[in-house]
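The values are calculated or read from the model by the stated rules, or taken from the named source; none is laboratory data. Since this is a predicted model, take the numbers as computed values, not measurements. Heads up, the Cβs are rebuilt from the backbone with ideal geometry, glycines too, and the neighbour counts pull from every protein chain shown. With ligands, DNA and RNA removed, areas are computed over all heavy atoms of the protein, side chains included. Shrake-Rupley method; radii C 1.70, N 1.55, O 1.52, S 1.80 Å.
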Amino acid sequence: MSATLAAPLTGPMVWNGEDLAHSTDWIRAVTPAEIDELDAAVRAVQRRGLDWRTLTRNDFAIPRLGRSLAEVSAELEDGRGLVLLRRLPVERYREDELRILYWGLGQHLGTPRYQNAQGELIGDVRDENRLYGTVHEVDPARPGEPRTSRNKARSAGPLRFHTDRTDVVILLCVRPAARGGLSKVVSAPAVHNEILARRPDLHALLCAPYYHSREGEAGGRQRYYAMPIFGMRAGRFTSQYSRTFVENAQGLPGVPPLTAAQNAALDLWAEVCEELCYSMELQAGDLQLLNNHVVYHARTTYEDDARPGHDRFLMRLWLSMPNSRASSS
């Protein structure tokens with residue numbers, strides 16, 4: 001184990017739910033001048049007839065907001081790892097226009113990454129089971145054999161605390177749920193510290209490798225990889241973890257079964273996440289940005305408004321950040 005991980009972590013990345021509840025410095029309102037700038041950038045793209053997938057940073061000129069986004073990027077990497085931008089005027093744009101706006105913003109923060117083996121760049125987060133019935137996808141390891149989708153982000157059920165497989169995830173709330181759907185966030189370093197204080201034996205296990213499935217990834221023959229829950233990368237703390245991927249790796253050839261102690265460590269991790277987290281209700285126009293290396297996120301169950309065009313709808317981008325840690329599996 002790294003000597004750094006054997007001691008409590010310090011700095012702005014260590015916080016709890018009460019800290020967020022009593023502060024507003026992590027929330028930034030988009031100014032009227034910045035909104036005008038966004039609107040002009042969207043209209044300029046439309047006049048040129050550009051597809052949003054082809055847009056570069058230079059195609060989407062937002063100098064004022066661009067300076068604010070540079071500060072956001074620094075806060076994500078060197079601060080709390082969490083920023084909420086409020087409030088983008090999503091109601092004034094059609095869906096195709098929102099994709100231009102959203103992609104353009106992402107280009108000013110980092111490099112968008114594919115979110116699955118199908119090459120998705122902007123993820124639509126909504127209850128696809130309600131809209132389309134049971135969703136099926138193809139298992140890359142068994143071509144031609146469809147399976148029921150395990151993408152719980154696209155159902156109305158709860159999501160356990162996890163990280164996404166990228167530096168930063170940003171979520172744009174286009175429409176909130178009729179009821180529920182709270183976003184829960186928690187500081188990974190704070191969880192690390194609490195487990196270290198309570199159960200150093202289980203903390204040591206979380207600093208050792210757990211096997212994760214590569215489900216949903218494109219390319220490569222190896223179906224799993226080993227990585228600790230708590231680690232260091234380029235001298236910085238990092239935690240990339242989803243219990244679903246750990247569970248899905250069990251039974252794969254070459255993956256040893258989890259021990260009772262390893263499962264106990266994961267159970268304690270989940271308990272501490274719930275104890276320290278902050279819950280927020282994302283409103284239309286809110287843009288939530290999370291550094292996956294230092295923030296875990298989850299979501300409560302929700303219910304949709306059944307009227308067409310009134311369901312909960314978020315857009316998701318995965319970004320590699322120029323100021324982040326060096327990449328690895």
Computed curve, segment 69-133, Cα-only Debye sum without solvent term, log₁₀ I(q)/I(0) at 0.14, 0.15, 0.22 Å⁻¹, is -0.60, -0.68, -1.17
Classify segment 154-261 from the C-alpha gyration tensor, please: rounded if a/c falls under 1.5, else prolate or oblate depending on whether a/b exceeds b/c.
oblate
Looking at the chain only, what percent of DSSP beta bridges run antiparallel? Nearest 5 please.
95
Output the Kirkwood hydrodynamic radius of the chain, Cα pairs only, in Å rounded to one decimal.
20.8
Of all C-alpha pairs within segment 1-48, those more than 16 angstrom apart amount in percent to 67
In degrees, nearest ten, helix 95-107 long axis to first principal axis of the chain (Cα):
60
Just to make sure I understand: if all protein chains stay in place, what is the order of 114, 278 by accessible area at 1.4 Å, largest first?
114, 278
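Heavy atoms only, 1.4 Å probe, whole protein assembly: order 318, 269 by accessible area, highest first.
318, 269
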If you roll a 1.4 angstrom probe over the protein chains with everything in place, what fraction of the accessible area of the chain belongs to carbon and sulfur, to the nearest %?
51
At residue 10 and residue 250, where each label point lies 7 Å from the Cα along Cα→Cβ, what is the point-to-point distance in nanometres?
3.9
What's the angle, to the nearest 10 degrees (0 to 90), between helix 188-198's Cα axis and the longest principal axis of the chain?
20
One finds the C-alpha centres of segment 15-48 and segment 74-132 to be spaced, in Å, by 13
Using the heavy atoms of the protein chains and a 1.4 angstrom probe, tell me the accessible area per residue for the chain in square angstrom.
46
